1. For the chain, with a Gaussian network of springs between Cα atoms less than 10 Å apart, report the residue from Tyr221, Tyr28, Tyr130 with the top mean-square fluctuation.
2. Taking N as the number of residues in the range 51-126, what value does Rg over Cα atoms divided by 2.2 N^0.38 Å take?
3. Tell me, what is the percent relative contact order of the range 111-214, built from C-alpha pairs under 8 Å that lie six or more residues apart?
4. Can you show me the helix-derived [θ] at 222 nm for the chain, built from DSSP H runs with n ≥ 4 at -39,500 (n - 2.57) apiece and divided by the number of residues, rounded to the nearest 500.
5. Dividing the alpha-carbon radius of gyration of the chain by 2.2 N^0.38 Å (N being the number of residues), what value is obtained?
6. Could you give the distance between the Cα centres of the range 196-217 and the range 25-95, to the whole Å?
7. For every other residue with a beta carbon closer than 15 angstrom to the beta carbon of Thr180, add +1 if it is Lys or Arg and -1 if Asp or Glu, then tell me the sum.
8. What's the local net charge at Ser169, with K and R +1, D and E -1, over the other residues with C-beta under 14 Å away?
Amino acid sequence: MKRIPRHIAIIMDGNGRWAAERGHERSYGHQAGVEAVRRITSECVRLGVEYLTLYTFSTENWNRPADEVAALMGLVLSSLEDEIFMRNNVRFRVIGDTRRLPAEVQAKLRLTEEHTAANTAMTMVVALSYSARWELAEAARSLAADAKEGRLDPAAITGDDIAARLETSFMPDPDLLIRTGGELRISNFLLWQIAYSELYFCDTYWPDFDGQALREAIASYQRRQRRFGKTEAQVEAGEQ
């Protein structure tokens with residue numbers, strides 16, 4: 001319990017395949033995925049995780065069939081219930097290009113952020129209409145605008161300056177990135193932030209991911225030595 005990751009990010013993959021294997025439409029899998037979100041949110045709070053970031057809908061997902069996108073937007077609306085946040089004392093935040101979302105979804109997101117702003121047990125961050133490349137391009141445009149106006153010396157730009165312009169500037173980088181569903185890729189998620197994150201991939205589809213599966217991922221994380229460029233001997237000396 002002394003080495004619980006401060007920030008866990010999850011690529012929630014496998015909803016559609018989970019549904020298809022059971023003879024249902026993909027939307028059925030997304031609905032089941034919401035229940036998994038509730039389970040994992042409660043378990044993260046219980047374990048003492050401070051930040052949980054969930055990859056919910058990427059900018060590439062806009063290319064999916066229109067009926068599936070519409071179903072996902074409706075599911076976002078129905079799943080943003082105060083109960084899950086207030087019961088667990090969880091603060092809600094959203095990252096991504098929310099301007100592309102339907103107006104009612106944008107309004108619900110803002111309302112949920114406002115209602116949960118004072119909660120302190122954990123911050124749940126939903127990546128919605130999100131793309132890491134879009135995020136980095138936005139940061140570059142912001143820095144370029146400041147440089148053009150003379151407010152910033154381009155030669156003096158640091159990594160910290162870039163991080164401060166990212167959607168995630170209000171929280172630390174993920175310690176652990178989990179991807180469910182058996183795929184072994186990052187899919188344009190938090191590319192800057194996961195430079196030193198520990199990666200964990202599992203075959204479990206997201207609707208079946210539960211507290212036990214989360215604890216197994218954390219146990220894998222705890223068996224690793226995070227060196228951040230140092231040697232093993234240096235890290236061990238620092239720990240001693």
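The values are calculated or read from the model by the stated rules, or taken from the named source; none is laboratory data. For clarity, every value in this text was computed on a predicted model and none was experimentally measured. A quick note on method: Cβ atoms are made from the backbone with ideal geometry, for glycine too, and the neighbour counts reach across all protein chains shown. Accessible surface is based on the protein model in full, side chains and every heavy atom, while ligands, DNA and RNA are left aside. Shrake-Rupley method; radii C 1.70, N 1.55, O 1.52, S 1.80 Å.
1. Top of the fluctuation ranking is Tyr28.
2. Rounded to two decimals, the normalised Rg is 1.11.
3. That works out to 26 percent.
4. So the helix-based figure for the chain works out to -13500 deg cm²/dmol.
5. 1.06
6. About 16 Å separates the Cα centre of the range 196-217 from the one of the range 25-95.
7. Local charge sum for Thr180: -4.
8. That sum, taken over residues with Cβ under 14 Å, equals -4.
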